[in-house]
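The values are calculated or read from the model by the stated rules, or taken from the named source; none is laboratory data. Because the structure is predicted, anything quoted here is derived from the model rather than measured. Reconstructed Cβ throughout: ideal geometry from the backbone, glycine too, with neighbour counts over all protein chains shown. The area values use the complete protein model at the heavy-atom level, side chains included, leaving out ligands, DNA and RNA. Shrake-Rupley method; radii C 1.70, N 1.55, O 1.52, S 1.80 Å.
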Amino acid sequence: MSSPARVRFAPSPTGRLHIGGARTALYDYLLARQTGGKFVIRIEDTDRMRFVPGAEAEIYAALSWLGMEWDEGPDIGGPYAPYRQSERTEIYLEHAKMLVDSDHAYYCFCTAERLATVRKEQQARKQAPRYDGLCRRLSPEEALDRKNAGESHVIRFKTPRQGKTTGIDAIRGEITVENASLDDYILLKSDGLPVYHLAAMVDDHLMEITHVLRTSEWLPTFPLHVLIYEAFDWEQPAWVHMSVLLNPSGKGKLSKRHGSGGAHAIYPIELKEAGYMPEAVVNWLALMGWSYDDRTEFFSMSDLIGKFSLAKLNASPAAVNFSKLDHFNGLHIRSLSEEDLASRLVPHFYAAEIEVTVAQLRPIVPLIQERSRTLDEAVEMSGFFFRDAVQPDPQQLIGKNMSPAESAAALARSIEVIQGFDRLDTESLELSLRKLSGDLDLKVGQLFGILRVAVTGQRVSPPLIETMEILGKELVLERLKQATELLESSK
RNA sequence: GCCCCCAUCGUCUAGGGGACCAGGACGUGGCCCUUUCAAGGCCAAGACCGGGGUUCGAAUCCCCGUGGGGGCACCA
């Protein structure tokens, strides 16, 4: 184990937390827990225009649901508070001024309009859009005068015009760019608030972040960040640029909605509502861009904490595969205790307007645990247990290769057989019904199929005999009779 | 247009010069089991982007091409 890592998840509250962000947070969390370090949350809310109320709350909710507890953050504080960038504005201003004083940055008075014009001209000339350096040439005295006169200004980084800058990425090694390809990026906006390039660097340093995990979208400006650290004469953290998540088609960055036919949720909170379990989502997310070996794929959070390693992170982008999430969810459902599964099912039954208790659910859990891939699927399959009545499709009450009359007769004979029981017990009930199918010269599947639809109202259900036992003699007879009538009246 | 990154089955990946006529998983197809659906078991199809090097030897190293992704805001 390496020395304790201080890692931060630093989302901006501009929208909902999606699975890409959740995966970044997961790797942060794993690294922190594995090394006995700290997992901190920092909210990067320096963009007032894009601020979305409620976004921060959902970030917390999603991380909590996924099982990642943080050690420091805006809501719980910590030794490096405040953790919300909008509450740290003086710090950034102070640091921006430090860079001006050391000649690593300068005041710029260009208006947005001028910049737009310059950019347009450059693009027309097929040149890379970049600041033309007008204010970089101002003398410090003149700049200070204009600034003191109250002229609106920003602070720009004085990117070296010559040479190259190299940064070390933990996944890919050296990343080198020509400084000339970098811009004199704005560090502090005219509203006095910092931009990511300044705020994140300052905070990462001040908060003593040891590993910066972010997506590869930051690779192009990575050398700039290295330069900023150098300008402050700070020690570089370990830089880790993870690959981005792609749409299932492999075309383009993961976007809000997509789908071949149906759309899948890309927000953890929606996944939760759709019946996926946090353990499965974590397992699934962990494997998008990271792997352990050539065969192990089932991981609990504590497995991951033990086995995660930056060295096994993959540099190439990964297309999201939702059918694999279904698979993992099934795996995790099956790994739960029956008691646990029952209690997790309760809210999903409520969502389907079926009010049940864990105790009521307990007996049916063994019947559905092996055959459900999502919690919602389990509800769909077993909802009939708790509904007052079922509505079978008359067409489905007709057995395979059978006439309606033959089906009705089979139903009638089944009723007789069941009436002979004091209480339904699986062993003898199965024996009796199998015998009946022989007597009727039917295949077991034909008879059971009819009974299944009659009793559950569904073609797909848990095993028939066990289902009947749980339903009980009275209810089974009632539904069987109802089905018979349905068959008669639809002739 | 410029810059950066990436490149193994449809998808996620193992592989870091000989152990590879390339392994696992999802998905797909088939079979078995079977009261439906699952689960489980077995089997099958399915990939090293192309071209040059380096080397006795390249999926693995280098170069070029191509393809894909990302970035080029007073967003993050």
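Among the residues of the range A:178-200, write down those that are assigned to a helix (DSSP H, G or I) and within 6 Å of RNA strand B (Cβ to nearest atom). Result: A:SER181, A:TYR196. Here the helices (runs of 4 or more DSSP H) wholly within the range A:390-491 that include at least 3 residues being away from RNA strand B (no atom under 14 Å from the Cβ) and open to solvent by 70 Å² or more (accessible area, probe 1.4 Å) are A:404-419, A:473-489. Scanning the range A:83-106 for residues that are among the aromatic types (Phe, Trp, Tyr) and closer than 13 Å to A:GLY192 by Cβ yields a single hit, A:TYR92. Tally time: how many residues in the range A:287-329 are part of a helix (DSSP H, G or I) and either within 15 Å of A:LEU31 (Cβ to Cβ) or open to solvent by less than 70 Å² (accessible area, probe 1.4 Å) (or both)? Qualifying residue count, the range A:287-329: 15. Select from the range A:124-177 the residues that are near RNA strand B (Cβ under 8 Å from one of its atoms), farther than 23 Å from A:VAL202 by Cα and not in a strand (DSSP E or B) and list them in ascending order. Within the range A:124-177, A:LYS126, A:GLN127, A:ALA128, A:PRO129, A:ARG130, A:TYR131, A:SER152, A:ILE171, A:ARG172 qualify.
A:VAL356 versus (1) part of a loop (DSSP other than H, G, I, E, B); (2) open to solvent by 20 Å² or more (accessible area, probe 1.4 Å): which is the lone unmet condition? So A:VAL356 meets the others, but not (2).
Of the listed requirements (1) open to solvent by 40 Å² or more (accessible area, probe 1.4 Å); (2) more than 27 Å from A:TRP234 (Cα to Cα); (3) at pLDDT 95 or above; (4) in a loop (DSSP other than H, G, I, E, B), A:ASP103 misses just one: (2). Tell me yes or no: at least one residue of the range A:332-341 is among the polar types (S, T, N, Q), touching a Ser or Thr at 6+ places or on another chain (Cβ under 9 Å) and in a helix (DSSP H, G or I). Among the residues of the range A:332-341, at least one is among the polar types (S, T, N, Q), touching a Ser or Thr at 6+ places or on another chain (Cβ under 9 Å) and in a helix (DSSP H, G or I), which makes the answer yes.
Taking the criterion of being of a type in the set (Gly, Ala, Ser) and within 16 Å of RNA strand B (Cβ to nearest atom), the residues of the range A:302-336 that qualify are A:SER309, A:ALA311, A:ALA315, A:SER316, A:ALA318, A:ALA319, A:SER323, A:GLY330, A:SER335.
In the range A:19-35, is there at least one residue being in contact (Cβ under 8 Å) with a residue 24 or more places away in the chain and either part of a loop (DSSP other than H, G, I, E, B) or closer than 17 Å to A:VAL202 by Cα (or both)? No, the conditions are met nowhere in the range A:19-35. Filtered by the rule that a residue be farther than 12 Å from A:GLN446 by Cα and in contact with an Asp or Glu (Cβ under 9 Å, 6 or more places away or on another chain), the range A:378-414 gives A:PHE386, A:ALA389, A:PRO404, A:ALA408, A:ARG413. Consider the range A:201-237 and keep the residues that are surrounded by fewer than 16 Cβ atoms within 10 Å (Cβ to Cβ) and within 13 Å of RNA strand B (Cβ to nearest atom). The one that is farthest from A:LEU182 (Cα to Cα) is A:GLU217.
None of A:GLY163, A:GLY150, A:GLY167, A:GLY192 is open to solvent by 50 Å² or more (accessible area, probe 1.4 Å) and either modelled with pLDDT under 95 or in the same structural domain as A:PHE222 (by TED's automatic domain parsing) (or both) except A:GLY150. For A:VAL346, the conditions (1) of a type in the set (A, V, I, L, M); (2) more than 18 Å from A:ALA483 (Cβ to Cβ); (3) within 15 Å of RNA strand B (Cβ to nearest atom); (4) crowded, with 17+ Cβ neighbours inside 10 Å are fulfilled apart from (3). Of all residues in the range A:38-65, count the ones that are over 16 Å from A:THR215 (Cα atoms) and open to solvent by 10 Å² or more (accessible area, probe 1.4 Å). Final tally of qualifying residues: 18.
In this entry, A:SER181 passes the filter for residues that are among the hydroxyl-bearing types (Ser, Thr, Tyr), over 19 Å from A:ILE155 (Cβ atoms) and surrounded by fewer than 20 Cβ atoms within 10 Å (Cβ to Cβ). When the test is whether a residue is modelled with pLDDT of 95 or more, within 16 Å of RNA strand B (Cβ to nearest atom) and among the acidic types (Asp, Glu), A:ASP28 passes it.
Whenever a residue of the range A:360-382 is outside the structural domain of A:LYS272 (by TED's automatic domain parsing), its partners that are of a type in the set (Asp, Glu) and more than 9 Å from RNA strand B (Cβ to nearest atom), lying with C-beta atoms within less than 8 angstrom and at least six residues away or across chains, give the pairs A:ARG362/A:GLU338; A:ARG362/A:GLU339; A:VAL365/A:GLU338; A:PRO366/A:GLU338; A:GLN369/A:GLU338.
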